[in-house]
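Everything below concerns the one structure shown next.
The values are calculated or read from the model by the stated rules, or taken from the named source; none is laboratory data. It should be emphasised that the depicted structure is a prediction, and the values quoted were computed from it without experimental measurement. Every residue, glycine among them, receives a Cβ derived from its backbone with ideal geometry; neighbour counts consider all protein chains shown. SASA here: full protein model, heavy atoms, side chains in, ligands and nucleic acids out. Shrake-Rupley method; radii C 1.70, N 1.55, O 1.52, S 1.80 Å.
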Amino acid sequence: MLLLIALAAVTPLRAQTATDHAEAIAALTQRYAEQPQSHYLAYMLARFSAEDGLDEAALQWLTLLHKRGWDLGVNPRDFPGLQNREEFRALKLKLQRQQQRRERGQRALLVNVAGLVPEGLAYDARRDRFLVGAMNAPRIHAVDRHGRVSLLWSSDAPVVVLGMSVVGDGETLLAVVNPTPRARAAGTVKPFVARIALADGHEIARLSADEAAFLNDLCQMRDGRLFVSDSEQSRLFRAGPADTALSLWTEPGHAIAANGMACDDAHDAVYVAVYNGISRIDAASGQAQLLAAPNGAATGGIDGLYLADRYLVGVQNGFGAGRVLRARLSADGREIHRVETLESAIVDLNEPTTGTLTPDGFVYIANSQIWKWDADKESLRPDTRLSPIMLRRVPLR
């Protein structure tokens, strides 16, 4: 009943004003009424309302989240227009106190590369080193266990590096490469996936993706089939072992805001992080389904997504303060039986993004600080400075 009252209070306010997210707000409001345990919808409603200048509506949604026991915290940067409101500051503190705190891991490595805004992370097992891509530079750095940094790959083109993965042979890195906003507007560079030799960093080949807008992440099956997400167009691309270019996957389904990807050889399936959960796609047919999850389990808004045995490990930053979670899959990989928080509400977390599986646990970028980078202006935002990159390791056993 309280939920219905809250929804009724917001709806008239929304209906009086034509705003950028009016249709999305209407759709999410209806969906939340149908799925009252899906509190991430209320968080999205608060955020959309704030972006549209509907401050009172945003505050009402945040108040409702507090009453409903929302334990994922709040990211103040989701609500820049409310920062000076006393009501928001009070709600933020309440939600922070309510946030579930979990610290199962420890600091693994401090990476000090001047001016780097990290996004992608991979692990080179044969050389026992990490590979770090940059949201603001055409470079991939290698970092050993002692924090020593070397340049693995670079380009003279105006590009940035996102998702990365070391393929099964242990000698090749796959990296998602996108043009900068200016280069994209000029049409001078198209997105592509680079195959890079880990031994010396030379570029073996490129898989072009001329139809793509903004490639984000990728995964590869043992037989060489490659799958790549396009977050901006909510589409998926793929390439066979002998292909020289990526082609559109014709029936991806449930790919809204497609982000992190994990390939499941055992079931010939691909898991894709989407805005409202995790989608499972049959790699052969392209048929998709949104994974069923326990009531109240928030599995949307995941950035990096990884398959470890019968678990999906995700770095969640789409709503709330950000956390690392683990979701146990059913034997057939079609349902999520349990979701647990591995890391949350700890001092190192500052826009966590992606990670990588290693022999001694899951290592992830804890403080990407990606919000400090203005991609359109290709510079740091005023009055911001980058801190060294903190990698944290979480045991999975």
- prompt: Does at least one position in segment 222-243 carry a residue that is of a type in the set (Lys, Arg) and within 19 Å of the chain's Cα centre (by Cα)?
  reply: yes
field: Flag for ALA266 being modelled with pLDDT of 95 or more, farther than 23 Å from SER154 by Cα, assigned to a strand (DSSP E or B) and of a type in the set (Gly, Ala, Ser)
entry: no
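If I ask for residues that are part of a loop (DSSP other than H, G, I, E, B) and out of contact with any Lys or Arg (no Cβ under 6 Å at 6 or more places or on another chain), which ones from segment 167-197 would you list?
Pass one, segment 167-197, residues part of a loop (DSSP other than H, G, I, E, B): 167-171, 180, 187-191.
Within segment 167-197, VAL167, ASP169, GLU171, THR180, GLY187, THR188, VAL189, LYS190, PRO191 meet the criteria.
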- request: Give GLY318, GLY300, GLY314 a once-over and let me know the one that is of a type in the set (Gly, Ala, Ser), in contact with a strand residue (DSSP E or B) (Cβ under 8 Å, 6 or more places away or on another chain) and not in a loop (DSSP other than H, G, I, E, B).
  value: GLY314
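Yes/no matrix, rows are residues, columns are (1) out of contact with any helix residue (DSSP H, G or I) (no Cβ under 7 Å at 6 or more places or on another chain); (2) modelled with pLDDT under 90; (3) over 16 Å from LEU82 (Cα atoms); (4) part of a loop (DSSP other than H, G, I, E, B):
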site	(1), (2), (3), (4)
PRO12	yes, yes, yes, no
THR17	yes, yes, yes, yes
ALA24	no, yes, yes, no
GLN37	yes, yes, yes, yes
LEU41	no, no, yes, no
ARG47	no, no, no, no
ALA58	no, no, no, no
THR63	no, no, no, no
query: In segment 321-352, what residues are within 21 Å of VAL117 (Cα to Cα) and either touching a helix residue (DSSP H, G or I) at 6+ places or on another chain (Cβ under 7 Å) or open to solvent by less than 10 Å² (accessible area, probe 1.4 Å) (or both)?
result: GLY322, VAL324, GLU351, PRO352
- prompt: Would you say LEU151 is surrounded by fewer than 19 Cβ atoms within 10 Å (Cβ to Cβ), in a strand (DSSP E or B) and touching a strand residue (DSSP E or B) at 6+ places or on another chain (Cβ under 9 Å)?
  reply: yes
message: Any residue at all in segment 248-259 that's surrounded by fewer than 19 Cβ atoms within 10 Å (Cβ to Cβ), farther than 26 Å from ILE336 by Cβ and more than 18 Å from the chain's Cα centre (by Cα)?
response: yes
- line: Pairing a residue in segment 112-132 that is among the β-branched types (Val, Ile, Thr) with any residue that is part of a loop (DSSP other than H, G, I, E, B) and open to solvent by 10 Å² or more (accessible area, probe 1.4 Å), where Cβ atoms lie under 6 Å and the two sit 6 or more apart in sequence or on different chains, gives VAL117/MET135; VAL117/ASN136
message: Restricting to segment 360-383, count the residues that are in a loop (DSSP other than H, G, I, E, B), touching a Leu at 6+ places or on another chain (Cβ under 9 Å) and without any contact (Cβ under 8 Å) to a residue 24 or more places away in the chain.
response: 1
query: Counting only residues that are in a strand (DSSP E or B) and among the charged types (D, E, K, R), which one in segment 226-246 is least open to solvent (accessible area, probe 1.4 Å)?
result: ASP230
message: Given (1) hydrophobic (A, V, I, L, M, F, W, C); (2) within 23 Å of GLY168 (Cβ to Cβ); (3) not in a strand (DSSP E or B), identify the lone condition not met by LEU305.
response: (3)
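Residue under question is GLY300, and the condition is that it be at pLDDT below 95, open to solvent by 10 Å² or more (accessible area, probe 1.4 Å) and not acidic (Asp, Glu); does it hold?
Details: at pLDDT below 95: yes; open to solvent by 10 Å² or more (accessible area, probe 1.4 Å): no; not acidic (Asp, Glu): yes.
Taking the combined requirement at face value, the residue does not satisfy it.
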query: Which of (1) open to solvent by 50 Å² or more (accessible area, probe 1.4 Å); (2) of a type in the set (Gly, Ala, Ser); (3) touching a Phe, Trp or Tyr at 6+ places or on another chain (Cβ under 6 Å) does GLY355 not meet, given it meets every other one?
result: (1)
message: I need the full set of residues from segment 178-202 which are surrounded by fewer than 15 Cβ atoms within 10 Å (Cβ to Cβ) and touching a strand residue (DSSP E or B) at 6+ places or on another chain (Cβ under 6 Å), in order please.
response: ALA197
- prompt: Is there any pair linking a residue in segment 330-343 that is more than 16 Å from GLN316 (Cβ to Cβ) to one that is open to solvent by 80 Å² or more (accessible area, probe 1.4 Å), with Cβ under 6 Å and at least six apart or on different chains, and which?
  reply: SER330/HIS337
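Report yes if LEU54 is at pLDDT below 95, among the aliphatic types (A, V, I, L, M) and more than 26 Å from the chain's Cα centre (by Cα), otherwise no. Spell out how you get there, then give the answer.
On the way: at pLDDT below 95: no; among the aliphatic types (A, V, I, L, M): yes; more than 26 Å from the chain's Cα centre (by Cα): yes.
Judged against the criteria, LEU54 is not a match.
Does ALA273 satisfy being open to solvent by 10 Å² or more (accessible area, probe 1.4 Å), among the hydrophobic types (A, V, I, L, M, F, W, C) and under 22 Å from ASN216 (Cα atoms)?
On the way: open to solvent by 10 Å² or more (accessible area, probe 1.4 Å): no; among the hydrophobic types (A, V, I, L, M, F, W, C): yes; under 22 Å from ASN216 (Cα atoms): yes.
No; evaluated as a whole, the condition is false for this residue.
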message: Return the pair list, or none, for Cβ contacts closer than 7 Å from residues in segment 384-397 that are modelled with pLDDT of 95 or more to residues that are of a type in the set (Asp, Glu), at least 6 apart or on different chains.
response: MET390/ASP348; ARG392/GLU343; ARG392/ASP348; ARG393/ASP360; VAL394/GLU343
- prompt: Do any residues in segment 215-229 that are at positive phi have Cβ atoms under 7 Å from those of residues that are open to solvent by less than 50 Å² (accessible area, probe 1.4 Å) and in a strand (DSSP E or B), where the two are at least six apart or on different chains, and which pairs are they?
  reply: none
